[in-house]
Amino acid sequence: MPEVKLDGVTKRYGKVTAVDHLNLTVRDGEILTLLGPSGCGKTTTLRCIAGFIIPDEGRIFLGKEEVTRLPPEKRDIGFVFQNYALWPHMTVFQNLAFGLQLRHTPREEIRQRVREVLSLVRLSGMEDRYPRQLSGGQQQRVALARALVLRPRVLLLDEPLSNLDAKLREEMRFEIRELQRQLGITAIYVTHDQAEALVLSDRIAVLNEGRLVQLGSPEEIYQRPANKFVAGFIGLSSFIKARVVTVGADAAILETEDGVRFKAPKNGLAKGQEVVLAIRPEHVEILSAPSEVLDNVFQAEVMRAAYLGNSIDCRLRLGKWELRTQLPPGRVLSPGEKLWIHLPSEKLILVKA
Amino acid sequence: MGTKWQRVLLEGLLLCLVFFLVFGPISSLVIWSIAIRWYWPHVLPQEIGLAYWKQALGLQRDWAIAAVSIWDAFGTSILVAVTSTALVMVMAIPAGYALARFRVPLKALILLLFLMPKAFPQQPIFVNLLPAFTRWGLAGTVPGVILIHILVCLIFGVWITTSAFKAIPQELEEAARSVGATRWCTFWKVLLPLAAPGLLVSTVFVFITSLTEFTGTFFIGLPFVTTLPMLLYSSSGYNMQFASVIAIVLLIPSLLFMVLIQKVLRPEYMGGIIR
Amino acid sequence: MYVYPFALSIIRSFTDESGSLSLVNYHKAVSLYGRDILFSIQVAILGTLISTILGLALAAYIRLSNSRVARLVNSISRLGIFLPYVVVAQMMRSFLAPHGLLNVLLANMGLVDIDAPLRLFNIWGLTFGFIWKETPFITFIVLSGLQVIDDAYVEAARSVGAKTHHVVLRILLPMIKPTIAIAVVLTFCTIVSTFTLPYMIVAGTPTTVTVDIAHRVTYFGDYQVASALGVFLYLIVGVMAIYYLRRTVREEVYGY
């Protein structure tokens, strides 16, 4: 059963269309990420679901109930804010108990549920602290607990990790994922961080300019990006423009305008078609010598290389095209050096131009 | 939707109420200033005209109309206000600069001091200065009144200039020094132009405070120094029309100031000008 | 310039006519003007209370509503901040007079008897005048505090089920308690120490301490008793200031 459903949701600000006829269904118990660059409409979408924004067009359903115009306090949602928005004049306990008090929950039950949810986020015994007495990570978990203590139908998270330092952020990804699985709660997670989206999502919805560009599991999104935008936004990609010259029995031959030829899987290609090859850094293999057996072997020139500690970030030139790749450390590369590279044809990603 | 209409209705009622409460008293002033005859209990005057305005502005002289020219009092007021504003600003600019670059720990105390001139009982101060002023021959003289006005306005002036200077990041000053400007040159070429809007607010505010000052002038100046507020007070007992005219004259600069501060200038200075 | 008359007023208040130390002035002040001291405090409490309630309500309304009406109410209510007390006093004299505009309107609506209009040059008219002047001030201070609060705090409350009155009473106003305390203290002190408005509005007795000080000096030349009354004002203002300071220090330690 769909837990959250958006049907043609549109929101305009003056002439700018922040969300453009968005259709999206979030399944019961899954965690879905809205991913996209800033200004793509992901936060606006989330705030429409929460009820902080009323869309200009379209309808929003929670379960079977239409909530498009329902005020947020009547929607039964949990929301985690980017800056946490813990009320500074209340202790942790008061922050968590507030929503329960508004529902006239008996005092004993409130105490019980606050204790439970605090142990869930590993903050037991912190009831009487004020938010400013907590570290950023702890505040983050209190914010999460505040949203969870009401046992909402849907948990909405608006870039909840962006104010944490890198190390903590990575830890919290797993923690949120774990918690969501454990509780089986439907969650919608907004982020611009593709690594975050890949780690913690059941499915990812990639948005650009207010439209849904691609919806799928992290593997699908990474391995089969729907277009150049998705290929560029998720994972690093180098792009090469080419035209299909021949389509054979099991493979197609592509050629760039400066004469570089590639062998690629033929799936659905037609002769004369313009395509874009997206090449992931990990799909560039370095050879010690030229090979006769392999396809797609080229000699490329090192443009520059940067030492990153656990790897070397290297930019290569192939014809007039730039390729980015990562090499294991220990090799000294200098600009102008020639390398043999292999681009395995089955790993080439073809997207629409 | 029903709730939407309810909301519109409630907001309309609120607006009417606020409108009436704010503009009721003000319109009362305006109506009185142009009323020639107004008999109880009619809503509007029987006869209206600008006779009191003309008389007050010295455009006519009619013994049947109980009003005198306001120009004498106006002149005194302007003389007092201009002099005290000039003297206050001469003291307030260096003092404000010093305070702005001086760090003090007790924030609460500072905030209190910041808003205190509005709330501090000044009256016992004036009362106790009166004997001394009499001894020095300052009571009932223009210099005496100017001195009192400086006393009243100085705190306001210092606080607004302080916040004006505080709004300028110290880095700008340090940058000027680093490219070789002397302290003096930095002050003239960097600080003063940047602080100019704030200093303007401060000056205008001090001017208006002096122009409408009542309590100090009442104790030190009367009966020999008649500023506009004093004239307003002495006529308010017997002549509602004339007093209303003066009140409107005194109200105009404040209204202009309100427009100036809301339209032209940043709101940070508001904190300092409230009284 | 500030300290000298301040110290002088305290010294004078403890000095009798022969110049020796005594409490005779306080005795006189309390026996002659005890009622007026109470009157001053009454007006201050009443005026502060009503202005605060109105100011908080207006500020919360303006903060949460983004309608055109709210913006209009905001700019109209600013007016009171800018008008000097002497003008407000004259305005109230003409508005609240027995035959003034307010009574005219009420009489024509049949709400008061034409032969017995409301007499307002007393505690009610005075309090009204103070409320008229101070409500905009409180609204402004409180609103500037509310404007700083990030919308997320309000939205967080809404998302856990808070209605508007919960948001205002349990989130917004508690978050700016120190600001409200400043506004209340300042308003109270302003009302206690203002001379112009009661002097021009209140007819006869009882009246405020500030008016009494003026009478004592202008009619009797009695600086001792006037100073004693002045010390009462300092005391009231001082107590409020200390109350405020203690509160804020406490907030700084425990609150935020």
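Throughout, read-outs are computed from the coordinates displayed, never taken from laboratory work. This is a predicted model, so every value here is computed, not measured. A quick note on method: Cβ atoms are made from the backbone with ideal geometry, for glycine too, and the neighbour counts reach across all protein chains shown.
Brief remarks follow.
- Prolate/oblate/rounded label for chain C (Cα gyration tensor, a/c 1.5): oblate
- Trypsin sites (Lys or Arg not before Pro) within region A:276-340: DSSP coil, no more than 12 neighbouring Cβ in 10 Å: A:Lys320, A:Arg331
- Modelled FRET efficiency - R0 35 Å, A:Asn23 with A:Val297, Cβ distances, 0.05 increments: 0.20
- Rel. contact order, % - alpha carbon contacts under 8 angstrom, at least six apart, region A:19-83: 24 percent
- Relative contact order for chain A, counting Cα pairs under 8 Å that sit 6 or more residues apart, in percent: 16 percent
- Positive-end residue, region A:215-299 charge dipole about Cα centroid, Cβ charges, pick of A:Ile286, A:Asn267, A:Ala251: A:Asn267
- Inter-label distance for A:Lys74 and A:Glu219, nm, one decimal - labels placed 7 Å from Cα along Cα-to-Cβ: 4.4 nm
- Partner chain coverage, peptide A:149-157 - average Cβ within 10 angstrom: 1
- Listed peptides A:86-92, A:103-109, C:67-73 appear in the order A:86-92, C:67-73, A:103-109 once ranked by packing, highest mean of other Cβ atoms within 10 Å at the front.
- Beta bridge orientation in the protein assembly as shown: antiparallel %, DSSP, nearest 5: 75 percent
- Cα gyration tensor category, rounded, prolate or oblate, for region C:178-248 with a/c compared to 1.5: oblate
- Mean per-residue shielding of peptide B:14-23 is 5, counting Cβ atoms of other chains within 10 Å of each Cβ.
- Label-to-label distance, nm, for residues given as A:Asp250 and A:Asp193 (7 Å Cα→Cβ offset): 4.4 nm
- Each of B:Leu228, C:Ile213, A:Ala195 was scored by the projection of its Cα onto the charge dipole of the protein assembly as shown, and the greatest displacement toward the positive side belongs to B:Leu228; charges sit on the C-beta of Lys, Arg, Asp and Glu.
- Here the sum of -39500 (n - 2.57) over DSSP H runs of 4 or more residues, divided by the residues of the protein assembly as shown, equals -17500 deg cm²/dmol at 222 nm, to the nearest 500.
- Using a cut-off of 31 Å between Cα atoms, the listed pairs A:Lys15/A:Lys320; A:Lys42/C:Lys163; A:Lys5/A:Lys352 include A:Lys15/A:Lys320 as exceeding that distance.
- Applying the criteria of a DSSP loop state and at most 13 other Cβ atoms within 10 Å to the trypsin sites (Lys or Arg not before Pro) of region C:204-250 yields no site.
- Residues of region B:197-234 with an amide N closer than 16 Å to a point placed 7 Å from the Cα of B:Val82 along the Cα-to-Cβ direction: B:204, B:207-208, B:210-211, B:228.
- Region B:167-240 versus region C:225-239: alpha-carbon centroid distance in Å: 29 Å
- Span-rule helices in chain C, defined as complete DSSP H runs reaching 20 Å or more along the axis (Cα) with Kyte mean at least -0.5: C:24-64, C:68-82, C:123-148, C:177-193, C:223-254
- Scoring B:208-219, A:127-138, C:22-33, B:236-247 by mean Cβ neighbours within 10 Å over their residues and listing the highest first yields B:208-219, B:236-247, C:22-33, A:127-138.
- Applying both filters, DSSP loop and at most 15 other Cβ atoms within 10 Å, to the trypsin sites (Lys or Arg not before Pro) of region C:98-191 gives C:Arg119, C:Lys163.
- Cα gyration tensor shape of chain A, rounded if a/c is under 1.5, else prolate or oblate by comparing a/b with b/c: prolate
- Chain A: angle of helix A:136-148 to the longest principal axis, Cα-based, in degrees nearest 10: 70 degrees
- A:Leu348 long-range amide H proximity, modeled H, under 5 Å: none
- Of A:Gly41, A:Gly210, A:Gly248, the one that fluctuates the most in a GNM where chain A has Cα springs shorter than 10 Å: A:Gly248
- Calculated FRET value between B:Phe23 and C:Leu23, using beta carbons and R₀ = 56 Å, to 0.05: 0.65
- Between the alpha-carbon centres of region A:310-353 and region C:4-68 there is a gap of 81 Å.
- In a simple Cβ point-charge model (Lys, Arg +1; Asp, Glu -1; nothing else charged), chain C has a dipole of about 560 debye relative to its Cα centre.
- For C:146-155, mean number of other protein chain Cβ atoms within 10 Å: 4
- In percent, rounded to a whole number, the relative contact order of region A:20-147 is 23, using alpha-carbon pairs under 8 Å and six or more apart.
- Potential lengthening between A:Asn163 and A:Arg261 on full extension [0.36 nm per residue; Cα-Cα distance subtracted]: 30.7 nm
- Cβ-Cβ FRET estimate between C:Tyr4 and B:Val142, R0 fixed at 25 Å, reported to 0.05: 0.70
- Here the peptides B:171-180, B:46-55, B:134-143 are ranked by packing, the mean other Cβ count within 10 Å, and the order with the highest first is B:46-55, B:134-143, B:171-180.
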